[in-house]
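For reference, the structure discussed in these notes is given below.
The values are calculated or read from the model by the stated rules, or taken from the named source; none is laboratory data. Note that this is a predicted model, so its numbers are computed, not measured. Every residue, glycine among them, receives a Cβ derived from its backbone with ideal geometry; neighbour counts consider all protein chains shown.
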Amino acid sequence: QSPHVARVAIGGLIRNDRDRVEMLDKIGKSNASAVILSIDSPGGTVTGSEQLFDALRRLSEKKPVVAVVEGMAASGAYIAAMGSDHIIARRNSIVGSVGVIFQFPNVTDLLKSVGVTVEDIKSSPLKASPNPYTPTTPEARAAINSLVMDSYGWFKGLVSERRKLSDQKLDTVTDGRVFTGHQALGLQLVDELGDERTAREWLAREKGVSRDLRVRTWRTSSVGDEFGWLKGSATRLLDTLGLGPLAGLLSQLTGEALERAQLDGLLALWHPRQGS
């Protein structure tokens, strides 16, 4: 492969992704002179974000890595951005949402209304707790809160280490809120405003990467979207009935819901429509 600048897109929900890690490792051994991360993601699982961050830090030991926030780098996606050497954001992009959330449904009242109870036999009170079939005990809630706060402490420490913030600024940017790229610049969450052209200028100025090198997009071989057949069947039926606009909306909503439904455990995720 001839020398080039590698472009890697970080989009959608972030989960453990061995194919992406292997791809990043391959880039590290390739003739790529530098790497541009194109980020537009609300985050995902904490472990998936940690895995991606670690892979990017390994890559940055071999190649200069610059992140460009195209639309959103929230929560776990901001963890990924911190794996780069330099963060650039569009002025009105969304950045931040430093925090961790653990969500679980509880259908106790619903089951009670239809006369259904679920019984279990377990080795200890906190085994399989919380669960959706019984009221959440204070002990179970405290155990989950301990998990959340432990991961949050790691996330907050990562921001402190990577962004070199004062205690006051650290407290401001780690309360879970999101910021525009412009606000994030003033809070030191990003290094400058701009786009991919800005990234190329930074690479040329700071890392000596030629402006004449072409950009090559690297992609993994995984396809994803395990539920595509279900979305496709529903939208085709609505199209046949002459409900094209509804079909488009259904495709979008079911895609988001099904993708999110596959997430499990601690989440570093921001999505206002989902209330997190």
*Applying the selection to region 117-145, what residues are surrounded by fewer than 10 Cβ atoms within 10 Å (Cβ to Cβ) and not in a loop (DSSP other than H, G, I, E, B)?*
138
*Kindly check whether there is at least one residue in region 51-63 that is of a type in the set (Lys, Arg) and touching a strand residue (DSSP E or B) at 6+ places or on another chain (Cβ under 8 Å).*
yes
*Which is over 19 Å from residue 177 (Cβ atoms), touching a helix residue (DSSP H, G or I) at 6+ places or on another chain (Cβ under 8 Å) and in contact (Cβ under 8 Å) with a residue 12 or more places away in the chain, of 77, 55, 73?*
55
*How many residues are touching a residue at least 12 places away in the same chain (Cβ under 8 Å) and either of a type in the set (S, T, N, Q) or part of a loop (DSSP other than H, G, I, E, B) (or both) if we restrict to region 97-116?*
11
*Quick one: count up the residues across region 166-215 that are outside any helix (DSSP H, G or I), of a type outside the set (S, T, N, Q) and within 13 Å of residue 86 (Cβ to Cβ).*
7
*Go through (1) under 16 Å from the mean Cα position of the chain (by Cα); (2) in a loop (DSSP other than H, G, I, E, B) and name the single condition residue 62 misses.*
(1)
_in contact (Cβ under 8 Å) with a residue 40 or more places away in the chain and over 17 Å from the mean Cα position of the chain (by Cα): is that true of residue 94 in this structure?_
no
*State whether the residues of region 220-233 include one that is modelled with pLDDT of 95 or more, surrounded by fewer than 16 Cβ atoms within 10 Å (Cβ to Cβ) and part of a helix (DSSP H, G or I).*
no
